[in-house]
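The values are calculated or read from the model by the stated rules, or taken from the named source; none is laboratory data. None of the values given here were measured: they were computed from a predicted structure. Here the Cβ positions follow ideal geometry from the backbone for every residue, glycine too, while neighbour counts run over all protein chains shown. To get the accessible areas, we keep the full protein, side chains included, count just its heavy atoms, and leave off ligands, DNA and RNA. Shrake-Rupley method; radii C 1.70, N 1.55, O 1.52, S 1.80 Å.
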Amino acid sequence: MAIQEIRIFCVPLAAKKLYNMSSSVVSTPFSTVVEVVDSSGLKGYGEACLASPQYQPAFNDGVRVSLEILAPAILGYDPIKLNVIHALMNEALDGHPEGKAALDIACWDLSGKILDRSVVDLLGGARQKNIITYHVVGIGTPEYAATEAERLQREGITRIQLKAGGRPIDQDIECIKAVCKVLQPGTDLAVDTNRGWTSAEAVKVSNACAGLSLSLEQPCSTEAELIQLKMQCNHPIIVDENTTDIRSVARMISSGTADGFGLKITRLGGVTNMRAIRDLCIATHTPMSSDDAWGGDIIAAAGVALGATLDPHFSRGAWIAHPYHQTHYDEVNGPRIENGFVTLPKGGPGLGLVFKDGQFGEPAAVYS
Ligand code: 0XW
Ligand code: MG
């Protein structure tokens with residue numbers, strides 16, 4: 001089998017509910033969907049979608065421009081040979097993991113269809129039938145945050161990520177305390193500032209919330225600040241935006257900086273790279289999540305597929321953006337949240353999703 005054609009689609013995924021982070025409010029990200037067609041006519045689908053231009057050093061138009069170089073680099077090659085696919089992409093373009101991830105995910109989907117196996121099986125098999133998820137509570141008043149946390153727990157959510165940062169620190173502290181007051185036994189809370197605090201602010205929050213059971217996700221912007229903070233902090237530190245490749249993950253495990261990770265498949269270059277990091281986290285008993293910044297059913301299915309293969313004891317869950325944009329590419333099989341868990345698509349081999357011909361409209365670009 002050889003890759004014969006690659007089609008690029010631009011798909012708007014407007015936030016239907018308030019979704020804000022310390023650096024930005026999500027409005028209408030335009031997701032990049034890639035369709036990789038092999039010489040037998042089989043199609044594999046991949047996706048990459050940044051929530052906002054501020055969340056990490058990448059933006060959605062840039063993903064599509066990077067594919068002008070990356071897509072031609074893999075034409076004519078076997079999509080199952082993912083080591084070769086990555087070598088070709090890395091030789092063609094340094095960095096730009098998001099565009100590489102979209103093609104990588106499409107090759108995993110296509111490989112599954114060629115081999116008639118699910119991506120979950122190709123990744124070693126599911127350790128969890130349904131994958132626990134976490135839900136985001138955006139930045140707002142203490143009353144809003146507490147009410148949302150109560151609603152989510154009534155719906156079976158047991159992992160809450162409270163956004164913070166980008167405002168006076170005392171407002172963050174009030175929201176954290178209001179949410180902690182309504183947490184049921186067994187519900188985990190991560191406070192995620194998306195790099196929004198200074199280390200002094202993070203120390204102030206940790207001292208003000210000493211004795212409250214929570215973790216701080218990406219409290220500060222740089223790894224150096226996290227190392228400093230670790231020595232003064234009362235709470236576990238989860239690293240998200242600073243995880244850019246397996247080297248950074250390995251470094252933060254061995255230095256003891258990270259008590260866990262919030263890992264994004266497209267920031268790490270796709271399922272292939274994420275699998276290696278998964279194995280490192282399993283071997284070192286380091287909790288990790290398997291998700292991404294935004295995106296539709298394709299990126300959700302990739303995150304849930306990899307999340308299903310995690311040791312449940314070390315799974316921080318798989319997050320999907322669907323509750324916020326409420327759009328399914330595959331209305332029947334698209335991953336959805338039921339009682340605090342995300343469902344694995346069951347539409348067949350590969351990612352398990354089924355699309356109609358032409359459902360993503362006219363391609364923005366075609367490479368053949
Ligand atoms: C909650 N997420 C998975 C989605 C947002 O876009 C950012 C990310 C996070 O953990 O920061
Ligand atoms: Mg995060």
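Peptide packing: for 343-355, 78-90, the average count of neighbouring Cβ atoms within 10 Å per residue gives the ranking 343-355, 78-90, highest mean first. Tell me the net charge near I139. Cut-off is 9 Å between Cβ atoms, I139 excluded, with +1 for each Lys or Arg and -1 for each Asp or Glu. Net charge around I139: +1. Of L306, L93, the residue with the largest accessible area leads and the full order is L93, L306 (1.4 Å probe). Lysine pair count for segment 122-343 (Cα-Cα distance under 18 Å; residues 8 or more apart in sequence or on different chains): 6.
Share of carbon and sulfur in the accessible area of the chain stands at 53%, probe radius 1.4 Å. With contacts taken as Cα pairs under 8 Å and at least 6 residues apart, the chain reaches a relative contact order of 22 percent. Build a GNM of the chain with springs between Cα atoms under 10 Å apart, and of I246, I337, I157 the one that fluctuates most is I246. Taking 0.36 nm per residue of sequence separation and removing the Cα-Cα distance, the I246/E143 pair yields an extension gain of 33.1 nm. Less than 5 angstrom separates the built amide H of D192 from those of L162, K163, A164, E217, all sequence-distant by 5 or more or on a different chain.
Computed over protein heavy atoms with a 1.4 Å probe, the accessible surface of segment 122-343 works out to 36 Å² per residue. In the chain, the convex hull through the Cα atoms has an average projected area of 16.1 nm², a quarter of its surface area. Could you work out how far the C-alpha centroid of segment 47-99 sits from that of segment 165-197, in angstrom? Spelled out, the Cα-based centre of one part sits 35 Å from the other. Each peptide among 95-106, 17-28, 168-179 gets the average number of other Cβ atoms lying within 10 Å of its residues, and from highest to lowest they stand as 95-106, 168-179, 17-28. Taking other residues whose beta carbon is less than 9 angstrom from the beta carbon of M1, and scoring Lys, Arg as +1 and Asp, Glu as -1, yields -2.
The antiparallel fraction among DSSP beta bridges confined to the chain stands at about 50%.
Under the convention that each Lys and Arg Cβ holds +1 and each Asp and Glu Cβ holds -1, the size of the dipole of the chain around its Cα centre is about 600 debye. For the chain, adding -39500 (n - 2.57) for each run of n ≥ 4 DSSP H residues and dividing by the number of residues yields -11000 deg cm²/dmol at 222 nm. Taking Lys and Arg as +1 and Asp and Glu as -1, the other residues whose beta-carbon sits under 12 Å from that of L123 total +2. Accessible area of R64 (1.4 Å probe, protein heavy atoms only, ligands and nucleic acids ignored): about 40 Å².
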